[in-house]
1. With the full set of protein chains in place, find how many percent of the accessible area of the chain is carbon and sulfur; take the probe as 1.4 Å.
2. Starting from 0 in steps of 5 Å, tell me what percent of the Cα-Cα pairs of the stretch 49-118 lands in each bin.
3. Taking only DSSP H segments of four or more residues, each worth -39500 (n - 2.57), what value at 222 nm results for the chain once the sum is divided by all its residues, to the nearest 500 deg cm²/dmol?
4. Kindly provide the GluC sites (Glu not before Pro) of the stretch 1-76 that DSSP labels as loop, not H, G, I, E or B, and whose Cβ sees at most 10 other Cβ atoms within 10 Å.
5. Which residue, chosen from 38, 94, 108, occupies the Cα position most advanced towards the positive end of the dipole of the chain, where the dipole is computed from +1 (Lys, Arg) and -1 (Asp, Glu) charges on Cβ about the Cα centre?
6. Would you work out if the stretch 1-47 is rounded, prolate or oblate? Take a ≥ b ≥ c from the square roots of the eigenvalues of the alpha-carbon gyration tensor; rounded if a/c is under 1.5, else prolate when a/b is larger than b/c, oblate otherwise.
7. Tell me the label only: which of [x] 38, 30, 29; [y] 45, 26, 19; [z] 36, 28, 24 is Cα extents along the principal axes in Å as calculated from this structure?
Amino acid sequence: MLFEDWIEKQLLKPFPEDVIAINFNLYETDDENEFDAQIVGCAHYDANNDDWACNAIFSSGEDLFQFRSDDWESALSDFKNILCNYLCTHSKTILNNFEYISFGFVDGDLITIKPEKF
């Protein structure tokens, strides 16, 4: 499934009004070079503490986006490219309405791409 199809399906779900931050949790799978992404929404963001993303009030749950990369480092870079490309080519997406957007592996550091420029 293309990222565009997956994310637009997720964005059709109702988000709680107090969601200000979106995070994409990345996971390594049991299959070599395959990774999953999950979208979560939170009412709080803390640039100094990545644990803010643990308090999700919205989640895509088990409906995950699967993608392939050479390794976990490439997965970070590849996912950033996928996400930034989507945000740039879909300027009217409701994702752009959220104050903060980040991504990262659930057991690692988060990379904030909004409000920073990409």
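1. Summing carbon and sulfur atoms, their accessible area is 45 percent of the total for the chain.
2. Taking all Cα pairs of the stretch 49-118, the binned fractions are 3, 13, 23, 27, 24, 9, 1 percent.
3. On the way: 2 runs with 27 residues, N = 118.
Counting only the DSSP helices, I get -7500 deg cm²/dmol.
4. The qualifying sites are 17, 32, 62.
5. Checked the options; the winner is 94.
6. oblate
7. [x]
The values are calculated or read from the model by the stated rules, or taken from the named source; none is laboratory data. Since this is a predicted model, take the numbers as computed values, not measurements. Note that each Cβ is placed from the backbone with ideal geometry, even for glycine, and that neighbours are counted across all protein chains shown. To get the accessible areas, we keep the full protein, side chains included, count just its heavy atoms, and leave off ligands, DNA and RNA. Shrake-Rupley method; radii C 1.70, N 1.55, O 1.52, S 1.80 Å.
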